[in-house]
1. Just want to confirm a number: the relative contact order over the range 78-148, from Cα pairs under 8 angstrom separated by 6+ residues, in percent.
2. State whether the range 294-379 is rounded, prolate or oblate according to the following rule on the C-alpha gyration tensor (a ≥ b ≥ c being the square roots of its eigenvalues): a/c under 1.5 gives rounded; otherwise a/b larger than b/c gives prolate, and the remaining case gives oblate.
3. To the nearest 0.05, how large is the calculated FRET efficiency for residue 116 and residue 186 if R₀ is 56 Å and r is the Cβ-Cβ distance?
4. What length, rounded to one decimal in nm, is gained on full extension from residue 127 through to residue 75, with 0.36 nm per residue of separation minus their alpha-carbon distance?
5. What length, rounded to one decimal in nm, is gained on full extension from residue 260 through to residue 68, with 0.36 nm per residue of separation minus their alpha-carbon distance?
6. Calculated FRET efficiency, residue 203 and residue 106, Cβ-Cβ r, R0 51 Å, to nearest 0.05?
7. With a point put 7 Å past each Cα toward its Cβ, work out how far residue 356 is from residue 325 in nm, to one decimal.
8. Computed FRET efficiency, Cβ-Cβ of residue 160 and residue 85, R0 25 Å: what is it to the nearest 0.05?
Amino acid sequence: MERFLLKRSLHKWQMKYAQHKECTVPFFIKWRNNHTCFLFILISILYLSGCSSKENYLFQDSNEAVHAYNDLLQQIRLHDGASIDLIIDLVYEWRTLSDSVSACINRDSIDNKNYHTKSAYSIIGDSIIFELERLIDSSPRNFKDYYCILNKLSSPELPKEVRNLVASAHQFFHSMDSVTIPQTDKRHTILLYENTLDSALSRNIHSKQDILHFLKSEDIAFRLFLSHLSSWGDMSLDHIKVKTQAQIKSIFESMTRSQEIMSKSEIVILMTMRNNRRLLQNATTCVTDVHILDFKDSNQATAYLWMLLQPWLSIDGFCYTLLSQEEKISLEKLAAEMPQAFRQLESGHFPIDLNELPPLLIKAYIDNLYTTSICNKNL
């Protein structure tokens, strides 16, 4: 029940952010429709399946395996508290052992031997998660701790099936960094953004080049938009949000055509990287503004607060793996900037005490490892 409430809260905060009138940045938080979400899960499971080896522990039978799993549970229970490094070590040991135990149980289940061990394995797994969450709560946690979790437990080893696609996508987005952004005023920035979206929508998606051309053009418009971030105020930008959502929907719907213009995996990777890039560009701009602006307006402070938090609410293990090295460094710097930014934005509002958010994110991450691992084992 606690896990369900945690995930529901994180999702609710995402939606509240998307609806906040001051949060003008047109992200596409609800981009994962049914077929896209299914593909995303499959890629995530494929990624996780390559993160640990099932041959690290060898057991004679499933009873021995379950005893070893229970021994790990008892070992974790001995700790009254834990540093973030110890938590990472315990999670890594748990994932590795869990894979080996599951593999052994599955071998025995072929001959219908020790069927009861499956139930024991599930119960012990739930207890391990409970104990890990207890250790997470044993000390205050911050965003640097959560970054360490992402960095250490999101394996850099990608499945062979997507490695080349990821490398190609990184080159594509890296090429955008060399594009000089012209200086324009607010009015021309909005016109350029609208023209970019109108042009893309009128042409529709007919080829891979149409998608790549849109992503390049949109990146320029978005970076121009960020150069005026602090001055948008109460201006309604719903028209940009609506048109952006329509274009993103069109890109994902191209996956359902009988004749593919791009592979489904490539589209998901490209659009995930696009989202990562926008989240970090926006948060970096927020940090710069926080250092030079005086946030007396609570609405503006709240908007900046949500935008600073958005990378942490959105970037999970799979998304983190698709970050470039430069983006990982940017996210790490953002983690260090969060405490000062919170002080500057103290007039802003968030549903909970902001000090409670990092441990919640760490719990959600570890719980996601557990639930995704179960899905992987059931395939």
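1. On the way: 25 pairs, mean separation 44.2, N = 71.
It rounds to 62 percent for the range 78-148.
2. It is prolate, given that a/c is not under 1.5 and a/b is the larger ratio.
3. Values: r = 67 Å, r/R0 = 1.20.
E between residue 116 and residue 186, to the nearest 0.05, is 0.25.
4. Values: separation 52, 0.36 × 52 = 18.72 nm, distance 1.21 nm.
The span from residue 127 to residue 75 would gain 17.5 nm if fully extended.
5. 64.3 nm
6. On the way: r = 50 Å, r/R0 = 0.99.
Between residue 203 and residue 106 the formula returns 0.50.
7. Each label point is offset 7 Å from its Cα along the Cβ direction, giving 4.0 nm.
8. Working: r = 30 Å, r/R0 = 1.22.
Working from the Cβ atoms, E equals 0.25.
The values are calculated or read from the model by the stated rules, or taken from the named source; none is laboratory data. Everything numeric in this text was worked out from a predicted model, so none of it was measured. All Cβ positions, even for glycine, are placed from backbone atoms using ideal geometry, and neighbour counts span all protein chains on display. Please note that ligands, DNA and RNA were not included when accessible areas were found on the heavy atoms of the full protein model with its side chains. Shrake-Rupley method; radii C 1.70, N 1.55, O 1.52, S 1.80 Å.
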